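Let me begin by presenting the structure, written as structure tokens, before commenting on it.
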Amino acid sequence: MTDSPARERILRTATALFISTGIRVVGVDRLIAESGVARATFFRHFPTKDDLVVAFLESQAADARRELTRIRSERPGGARALLAEIATGAKMGMECTGFRGCEFINTAAEYSDPDHITRVVVDRHRAWVRDIMVDALEELGHPTPFATAEVLFTMRTGAIVASSLEGFHDPDGAFDRAWWALVDQR
């Protein structure tokens, strides 16, 4: 279905609500009311709430892919700049009050069935991020790019979850030291 102002308004409203409060807690009636669309319009664009969740995740993933691809191709030292951006993103919650975490991690927590379409989108995006990290590590001549990307991605996930749960802080920069020690190992 082509984009329309109503579809974009629904998606914008859903994005704000899903990120700020979660997915399952937000009902269709609230989405319709806050989007300012008719019920029929909502269901014409998104036949099920899962369709809306998938559109939300795919939009977020596309934005992230565009940004990370841009950083890698346009910034000096593209591979290292990409890894720095991912590390910075992992620490974002350390500096935000009320940080709720990553929308992909949160969606995976809300939808436990690994075969559910929302989890398929989450897993595909997370694999893409890990794979671009592998590519960056290969470009830097890392001896174990896949294994190291897995560890870095686990560190990233852990930092994001800790930030959203306990308000993880790292005043001494231990996260950065561990991150770059793994990236720079030879």
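The values are calculated or read from the model by the stated rules, or taken from the named source; none is laboratory data. In this text the structure is predicted, and so the values were computed from the model without any measurement. In this analysis, Cβ positions are derived from the backbone assuming ideal geometry, glycine residues included, and neighbour counts consider all displayed protein chains. Protein only, heavy atoms only, side chains kept; ligands, DNA and RNA dropped before computing areas. Shrake-Rupley method; radii C 1.70, N 1.55, O 1.52, S 1.80 Å.
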Report task. Measure nothing but the geometry: give the 0 to 90° angle between the long axis through the Cα atoms of 78-91 and the longest principal axis through the Cα atoms of the chain, rounded to 10°. Result -> 60 degrees
Report task. For R75, tell me the accessible area in Å² from a 1.4 Å probe, rounded to the nearest 10. Result -> 100 Å²
Query raised in the report: Using unit Cβ charges (K, R positive; D, E negative) and no other charged atoms, how large, in debye to the nearest 20, is the dipole of the chain about its Cα centre?
Result: 400 debye
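Compute the FRET efficiency between I117 and E8 as 1/(1 + (r/R0)^6), taking r as their Cβ-Cβ distance and R0 = 22 Å, and round to the nearest 0.05.
Working: r = 21 Å, r/R0 = 0.97.
Plugging the Cβ-Cβ distance into 1/(1 + (r/R0)^6) gives 0.55.
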Query raised in the report: Can you give the accessible area per residue of region 118-186, in Å², using a 1.4 Å probe?
Result: 50 Å²
**Report entry** Dipole-positive endmost among I32, P5, F56 within region 1-65 (Cβ charges, Cα centre)
**Finding:** I32
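Quick one: putting +1 on the C-beta of Lys and Arg, -1 on the C-beta of Asp and Glu, what dipole do you get for region 114-182 around its Cα centre, in Debye to the nearest 20? Numbers along the way, then the final one.
Working: 6 positive and 11 negative charges, 37 e Å.
Roughly 180 debye for region 114-182.
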Query raised in the report: M155 accessible area, nearest 10 Å², 1.4 Å probe?
Result: 40 Å²
Query raised in the report: Hey, if you put +1 on the Cβ of every Lys and Arg and -1 on every Asp and Glu Cβ in the chain, which of V122, P76, A159 ends up farthest toward the positive end of that dipole?
Result: V122
Report task. Determine the gain in length on full extension of the stretch A109-A33; use 0.36 nm per residue of separation and subtract their C-alpha separation, reporting nm with one decimal. Result -> 24.7 nm
Report task. Determine the dipole magnitude for region 79-162: charges of +1 sit on the beta-carbon of Lys and Arg, -1 on that of Asp and Glu, nothing else is charged, the reference point is the Cα centre, and the result goes in debye to the nearest 20. Result -> 220 debye
